[in-house]
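What follows is a single structure, written as structure tokens, with notes after it.
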């Protein structure tokens, strides 16, 4: 092990003078930091040391620890020392940038004393790295300097000096971005920076450069007709590598104007631009109901795009919009076999989209998928923001299709008999559970799974089927499973006990497991569900449920406690005020599944739900979807909310449902 000699004064001078053990990082006392800092100068240890420092000093952010304050000068010295490998220096500058970003972002109480002074002192030593031979070092340095808000007047001239000589597009982009941020904090250099940025929006600049300059001007809070520049670039169709979603955000303006530009970009000659336009269209559709009529035809046209992934994405967007995609059901149906769509992932998405429209032609190809080696659907559901084209969930695809049980059950049952993993068994059982009694022919296969690690999900599917399953299930086996569930499934005893109660009527085991958890604010597993299933026999628990109903104003507890209390007492008037109060804060947005479930419950309460009418109408009259935007689930979640609200309105009016 040999040290790489530093190129200047001892960069570790003063290291031993610090009481590191008294300082904190993400994992506790920072006694290990001196060793890690020394390792930065040992080539065979440096990369690992930099990684560990990142995890210890920054971790996941959220604060600036005292160890970061003390370590900062040493990190900067190593980052600026050419004797240290460039890859390590990049990591160190990234670490500095991340900690500095947290120092600008989090509340002062989460920032260790001395950080502002340490960061202010460190910034001048980073400026020379703007001219480092390694472009990645330069890029990381620009990101770090973007956080130098207190040194904006010193950093901006250095950024522009580098801009004049920079040739790498990525670094140029970062320089402009940083200039926009720092201009918002500058005094002496603000006007000069704004003038430079305005110059970059001129027609003789590249389209991507113009858009990035507009973004920087907006970041600097500069007022001007920036939308004109964006309109000009969008009208030309060439965005110069700038993302369509970002350009549409920069445009601002009216929704109609944004949709018009998006519609044109969906027909752009460049496949990559069309793909980005599809993502931007998905974003608009996830936000506004009024975006569907103008955008969906242009999206549907890309079902014939020569780029396979664009066809896939177009089908995904149509499927997201559910029954609104019915006008294109014929085209989707044609894409569900190899002749109509040779790209298998696009074929899967078209099939899912067809099922979302409610078109019965989805059943036969889905049955073929279930009977084949290549399923084309994932065993897990994925919940994420953004527009990743991950595999679609088998359970979410099949769950709404109980009306097609006659076509889907034969291959489903065969697959249940030959399951090759717990994940597969779980997905198949969860696909059948929403079907209820329609899944009854699968009772033998589900009963067989009670002897496997998939017993929980098999039991839940059997409980959903009802009396036919209850007559066939081995009650003793199911009861024994509650006390001896599959290993590694801490949730299993409660779920099995609940299924056992539904199948046998004996809710004693479920009550024993759930009652101690009555105060926990959980959703589908809330103890109040079990109490509600007791019906009038749950009267001894009514007062406790009344307390719960008042305990939390929103979330899962009001709907679970309210439903249980209603099922026990039969008095809707007692729970409606709490249910209405639980949904009213969300009429302007932020609707969660708990809110939709509360609206669904109101639909069961009949005319007593009348006080909810204003909130229900607000949900239905909104153009901006009240649910969370920006994901594949936004439109389906909004559709579910609207369906529940319509039903509740009919119930409140006295209409029999």
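Each reported figure results from applying straightforward, stated rules to the coordinates on display, with no laboratory input. Because the structure is a prediction, the values reported are computed rather than measured.
When both region 394-456 and region 40-65 are represented by their alpha-carbon centers, they are found 48 Å apart.
Over the chain, DSSP H runs of length four or greater, each weighted -39,500 (n - 2.57), average out per residue to a 222 nm ellipticity of -17500 deg cm²/dmol.
Considering all C-alpha pairs of region 323-435, those separated by over 18 Å amount to 48%. Counting only alpha carbon atoms, the long axis of helix 115-126 and the longest principal axis of the chain meet at about 60°.
In region 1-139, inverting the average of 1/r over every pair of distinct C-alpha atoms gives 15.0 Å as the Kirkwood radius. Cα centroid separation, region 265-342 to region 616-656: 24 Å. Here Rg and Dmax of the Cα atoms in Å was computed from the coordinates, and among (1) 27.5, 94; (2) 30.2, 85; (3) 33.1, 129 the match is (2).
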